[in-house]
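**Student:** Sending over a structure as structure tokens; questions will come in a sec.
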Amino acid sequence: MQTVETQNEGLKRAYRMTISAKDVESRIDAEVKKIAPQVRMPGFRPGKVPANLVKKMHKDSLLQDALNSSIQEGVQKAISDNKLRPATQPHVHLGEDYAPGKDAVVDFHLEILPAIAAPSIDGITLDRLTVEVSDAQVDESILKLAEGQKSFEAADKKYAAKMGDSVVIDFEGKLDGVPFEGGKGEGMAVELGSGQLIPGFEDQLVGVKANDEKVLNVTFPDDYNAENLKGKAATFDIVVNEVRKPVEAKADDNLAKMFGLDGIDKLRELMKVQVEQEHNGLTRTYMKRQLLDQLAAGHDFDVPPSMVEAEFEQIWAQLEQEAARDEDAETAKKEMEAERQEYRDIAVRRVRLGLLLSEIGQANGIEVSSQEMNMLVQQAAQQYRPEDRQRFVQYLQETPMAAAQLRAPMFEDKVVDFLFDKATVTDKTVTKDVLEAAIEAEPDAKPAPKKKAPAKKTAAKDEAKEDAPATEAKPAAKKAAPKKDAEVAPAKKAPTKKAAPKK
């Protein structure tokens, strides 16, 4: 087997490998000798089938296996001999003129990780902005919790519904006066102003009273989930069964008991811990952004283009999803396109920081233990149905890349904590508003921005600004679970299959 280098430019490498027909034939003979004892053929005793017949029976698969093993060994030998650190899986191409019995000419190319000088971790200075938990903040969090447990009570039959009330209706939807499938329902509670139903439906229920009958005129959105209703004008005949008014939320013992607690004091203790955790998360985010800024400013090296492209595609996909949900989707998409290069710069920065943190972690013996990895696997497996969890675990065992993606966030957190311990930290007590403003003001999101980002940001843009690299996912791996500065509100669940007016 002979291998020669055909490209050596920047982080790109390419090689041409020639595998002799003799080597391939030798591998085939070795495999035949190995499997012959298990081959069964009529007219021969078990294990006594002649080798030439075994080879003839399985010639195609034997040849393919021999070629594959030769190529894999050749690629790995080239990587080892040239002391390469692959950033991507090698792309392999067998010459089109190859035929059995001829030498095989194989071209393969890959990108390698850059040689990074020993990262300097001295002289890092960080401000740790902390927020003390006040009674007012605890009271506010409890009130929000109470408001989340919204309930309604029946109003007087002469009471006219207002925004925020709940109206219980029977309805039947029609297209051109003809009822359509799935458009009929009874006893559906509609909270006015919730945005659960298609545009215009809830607005037309304002002012109705118990026992009213009314015809609503609506138009289904162009992206409605039923093909036969997309963009169609429709009417809904509705009968109002009852109008319900919201019950004022109260932070009392009854609220605490709804969560299995003895009383409001226990709930206050629990909410105080939750608020502290929220503040600690903000503090860590601010410290991490300072840390990444200082690391980025002190290190500059080329990064593999394929890793940048993979990171950019991930960022862009999130932006597209968010833009599609924006009230003015077209404007949101135009803003994205205008800033495409800035987001590509973010991708470069994130990849560079990921490689840098990985290098720091390896140089300082930081690792995710087998026990910690098992915990991550078990947590991730819970996302699947019980019958699929073992297959997921097996997939991770057989796919090192997927395992690295799962491991990466914890590895990154460990490296960041290590650097926090090495840094000179100055503690400052501030308000929550000041801390949040400091996070928003961090300039790390867009390298050398040409203009200020608009005040209204998509969740995906906030995610891109976090600059949280996947440190241990080596070859162009995307993160398994992107971190978010704020959770996106989940899609509202349809009451029943019959609720056709739902958005």
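The values are calculated or read from the model by the stated rules, or taken from the named source; none is laboratory data. Everything quoted here is computed from the prediction, not taken from an experiment. Counting neighbours? That spans all protein chains shown, and the Cβs are built from the backbone with ideal geometry, glycine included. We work out accessible area using only protein heavy atoms, side chains counted, and drop any ligands, DNA or RNA first. Shrake-Rupley method; radii C 1.70, N 1.55, O 1.52, S 1.80 Å.
**Student:** Which value in nm describes the separation of the simple spin-label points at ASN52 and ASP122, placed 7 Å from the Cα toward the beta carbon?
**Tutor:** Going by the 7 Å Cα→Cβ label model, 7.5 nm.
**Student:** DSSP loop (so not H, G, I, E, B), at most 13 other Cβ within 10 Å: list which trypsin sites (Lys or Arg not before Pro) in the range 57-110 pass both filters.
**Tutor:** In loop regions of the range 57-110 (DSSP not H, G, I, E or B), the sparsely surrounded trypsin sites (Lys or Arg not before Pro) are LYS83, LYS102.
**Student:** Give me the one-decimal nm value for the distance between modelled label points at ALA115 and ASN254, 7 Å along each residue's Cα-to-Cβ direction.
**Tutor:** 7.4
**Student:** Which ³J(HN,Hα) values in Hz, rounded to whole numbers, follow from the phi angles of the range 293-309 under the Karplus curve 6.51 cos²θ - 1.76 cosθ + 1.60, where θ = phi - 60° and Gly and Pro get x?
**Tutor:** Couplings: 4, 5, 5, 5, 5, x, 9, 9, 8, 5, 10, x, x, 5, 5, 5, 4 Hz.
**Student:** Compute the FRET efficiency between THR18 and SER151 as 1/(1 + (r/R0)^6), taking r as their Cβ-Cβ distance and R0 = 60 Å, and round to the nearest 0.05.
**Tutor:** That gives a FRET efficiency of 0.20.
**Student:** Using helices alone, I'd like the mean residue ellipticity at 222 nm for the chain: each DSSP H run of four-plus residues gives -39500 (n - 2.57), total over residue count, nearest 500.
**Tutor:** Counting only the DSSP helices, I get -14000 deg cm²/dmol.
**Student:** Whole angstrom only: what separates the Cα centroid of the range 264-326 from the Cα centroid of the range 46-111?
**Tutor:** Taking the Cα centre of each part, the range 264-326 and the range 46-111 sit 44 Å apart.
**Student:** Among rounded, prolate and oblate, which fits the range 226-296 when a ≥ b ≥ c are the square roots of the eigenvalues of its C-alpha gyration tensor, a/c under 1.5 means rounded, and a/b larger than b/c means prolate?
**Tutor:** oblate
**Student:** Which entries of LYS22/LYS83; LYS162/LYS245; LYS150/LYS245; LYS150/LYS257 have Cα-Cα distances beyond 20 Å here?
**Tutor:** Going by Cα-Cα distance, LYS22/LYS83 fall outside the 20 Å limit.
**Student:** Ignoring ligands, DNA and RNA, please state the percent of accessible area on the chain from carbon and sulfur, probe 1.4 Å.
**Tutor:** Carbon plus sulfur share of accessible area: 49 percent.
**Student:** Turning to a different aspect of this structure: I'd like the accessible area for PHE220: 1.4 Å probe, protein heavy atoms, all chains in place, Å² to the nearest 10.
**Tutor:** 0
**Student:** While we're on this one: Return the distance in nm (one decimal) between the two label points of a simple spin-label model at HIS299 and ASN228, each offset 7 Å from Cα along Cα→Cβ.
**Tutor:** It works out to 6.0 nm between the two label points.
**Student:** Please calculate how many Å² of accessible area the chain carries per residue, with a 1.4 Å probe and no DNA, RNA or ligand atoms counted.
**Tutor:** 57
**Student:** Would you mind working out the magnitude of the charge dipole of the chain relative to its Cα centre, with +1 at each Lys and Arg C-beta and -1 at each Asp and Glu C-beta, to the nearest 20 Debye?
**Tutor:** Result for the chain is approximately 1840 debye, rounded to the nearest 20.
**Student:** Now for a different question. Could you tell me the calculated FRET efficiency between LYS77 and VAL393, based on Cβ-Cβ distance and R0 = 25 angstrom, to the nearest 0.05?
**Tutor:** 0.20
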